[in-house]
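Just below is one structure, and these are the notes that go with it.
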Amino acid sequence: MFSLTLQSSLIHRTCIHEELTPDKTVLIQRHGRSIMRAILCGFAGVAPRSATPNLIELLSTLVTRCLGECKVWITEILFAVSCFLFKKHTEHDLDCALIPPTVGRFCAV
């Protein structure tokens with residue numbers, strides 16, 4: 001898998017050079033929506049926090065270079081029925097989330 005910086009550079013460079021315009025079109029049409037979904041899932045908690053700066057860089061590159069497509073992809077992804085499905089939480093996790101801890105009483109991890 002490409003690193004996020006490499007993906008960002010690839011998108012940026014195919015957009016700024018005229019002779020690479022056909023390659024940019026193919027890249028964006030085939031992989032743009034998947035890349036956007038991966039970015040949004042990363043922001044939603046799938047990726048570690050240390051990846052956030054790279055996700056921001058890649059999102060910025062995509063939005064700057066493909067604004068029209070990004071508007072469509074983001075809307076489609078965020079409003080999809082199965083947008084972000086994560087692992088099931090246990091009953092203990094829900095109890096910890098709903099009952100704020102008091103002094104001396106914390107939920108064990």
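Assorted remarks:
- Just so you know, in the range 50-80 the residues that are of a type outside the set (A, V, I, L, M, F, W, C) and closer than 17 Å to GLN29 by Cβ include one that is surrounded by the fewest Cβ atoms within 10 Å (Cβ to Cβ), and it is GLY68.
- Test for ALA38: is it surrounded by 12 or more Cβ atoms within 10 Å (Cβ to Cβ), without any contact (Cβ under 8 Å) to a residue 12 or more places away in the chain and of a type in the set (A, V, I, L, M, F, W, C): yes
- When CYS66 is tested against the conditions (1) more than 12 Å from the chain's Cα centre (by Cα); (2) at pLDDT 90 or above, the lone failure is (2).
- Pairs are defined by a Cβ separation below 9 Å, a sequence spacing of at least 6 or placement on different chains, a first member in the range 45-67 that is in a loop (DSSP other than H, G, I, E, B), and a second member that is of a type in the set (S, T, N, Q); the pairs so defined are ALA47/ASN54.
The values are calculated or read from the model by the stated rules, or taken from the named source; none is laboratory data. Because the structure is a prediction, the values reported are computed rather than measured. Quick reminder, even Gly has a Cβ in these numbers, built from the backbone with ideal geometry, and neighbours come from all protein chains shown.
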